[in-house]
Every structure is written in structure tokens, then in C-alpha cells.
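Colleague: I have a structure I would like to understand better, so I am pasting it below and will then ask my questions one at a time.
Laboratory data are not the source of any read-out in this text; all were calculated from the coordinates shown. Bear in mind that the values here come from a model prediction, so they are computed numbers and not experimental data. Glycine gets a Cβ as well: all are built from the backbone with ideal geometry, and neighbour counts include every protein chain shown.
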Amino acid sequence: MIEHMIGSTDFDRAATVDAVTAHAFDVAARLRALLPGAGDVKVHKLLYYVQGHHLSWHGRPAFSETIEAWINGPVVADLWRAEKYDAPPESGTVDPDILEVVFMVASRYGHLTGKDLIKLTHSEDPWRDLAESDDDTTSSGTPIAHDALAAYFSKDDDLTPVVRDRVAEVAADTPWIPTAPDELDDLEATHASP
């Protein structure tokens, strides 16, 4: 069942330790499988969260394409252009380390609308620091640096191991999408340090 929803998870861990193992299209396909009906705006914001959390958890990007700070928040411009003007490529395999982050992101943010995610990303440092910059070289379309994403999302470090362990545990058997949006928050609160 899980193979049907997310594709093959076969990989050679030794060959992929330092390499990016997916493209944004592959990750977007997994998000769309988990969240049927998710529009383009929502998917692009969720890709931002996948990339940020993956950089924080694993120290490497989940996908190779650059995320840019557009007026309506983070966008994977290469994916946006490919889906708008070209036939989408066939989806490839995705490393299990990326899938655990995809499950967490779908669980944590999947109940939000595209409009909600625009508001949320606009309140976060990686996008806001570029969008509100007085630097003349910063404009819409400026790449969001991996360092900025990793620094921002590593603020979640106290909760990350608990969430990662739970996501990995449940994802081993079946995709985990909470029935209530607060389920992940409840899990985090239960295991958070006082």
C-alpha cells in the first residue's frame, strides 16, 4: 500500500549520503499523493517546509532545485515553470530520509490552505529576510539560501527527534496523516521538555 502512494523506496544509502537524492517534482508528487487536491500554491509552500526540515534533520537538501522568495512566498521556480509550460517529468524514487520529512510536513501543515501557508511563510525569517531587505540586489525571485533554511528550521531541534521517531515508526507500516490537525502538536507537547 505505501509503495502505491509514495513510489519505490529502494536506494543505496552509501551512494546517497552526501548527494541530493530527489528532484522537487519527485517530492511534489509524494505530497500530492498524500494530500489529494492540493493546489500549486500549497504544494510549493510545503516543498519549502520539506527542504527546511530536511536540511535541519539531515544536513543536506531534500531536492536539488532552488527555492526562491516570490511575492506570495517561497516557490521552486524550476518546478513552477516546468509544470506551467512543459509536460511534467515522470516521478522517480525518493529516499526514505526525505519521505519521513514529507510525512511530517503533510501531517503538520497539510490541513492549511495555500492562503494560510502564504501568511505563515511570510512570517518566517528565510522569506521575510529577503522580502523585507533594503538591499538593492534582493528582489522577487531571490534564492533562499540553504543556510538560512537550516538555521531557521533547526530552532525546532528540541522537538525534532520525537517527531522524526514517530513519523518513521508509523511510516514504516502506513502513511501517517493525523485525523485532526492538532494531533502532531499534541504529540510534540507530550514529549516537549518543561
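Colleague: When a/c is below 1.5 the answer is rounded, else prolate if a/b is larger than b/c, else oblate, so apply that to segment 46-96 with a ≥ b ≥ c taken from the square roots of the Cα gyration tensor eigenvalues.
Modeller: On the way: a/c = 2.88, a/b = 1.24, b/c = 2.33.
Oblate shape, in that a/c is at least 1.5 and b/c is the bigger or equal ratio.
Colleague: For residue 119 and residue 64, what does the FRET efficiency come to when R0 = 30 Å and r is the distance between their Cβ atoms, rounded to the nearest 0.05? Before the final figure, lay out each step's value.
Modeller: On the way: r = 28 Å, r/R0 = 0.93.
The calculated FRET efficiency here is 0.60.
Colleague: Using the beta-carbon distance between residue 129 and residue 156 and R0 = 22 Å, what value does 1/(1 + (r/R0)^6) give for FRET efficiency, to the nearest 0.05?
Modeller: 0.80
Colleague: Additional query: Given labels modelled 7 Å from the Cα in the Cβ direction, how far is it in nm from residue 71 to residue 86?
Modeller: Computed distance between label sites residue 71 and residue 86 equals 2.6 nm.
Colleague: Still on this structure, I have one more. If you take every residue apart from residue 83 with its C-beta less than 14 Å away from the C-beta of residue 83, what net charge results, scoring Lys and Arg +1 and Asp and Glu -1?
Modeller: Values: positive: 32, 42, 81, 84; negative: 26, 40, 65, 78, 86, 90.
Neighbourhood net charge equals -2.
Colleague: Another question, if that's okay. If amide hydrogens are placed 1.01 Å from N in the peptide plane, which non-local residues have theirs closer than 5 Å to the one on residue 73?
Modeller: none
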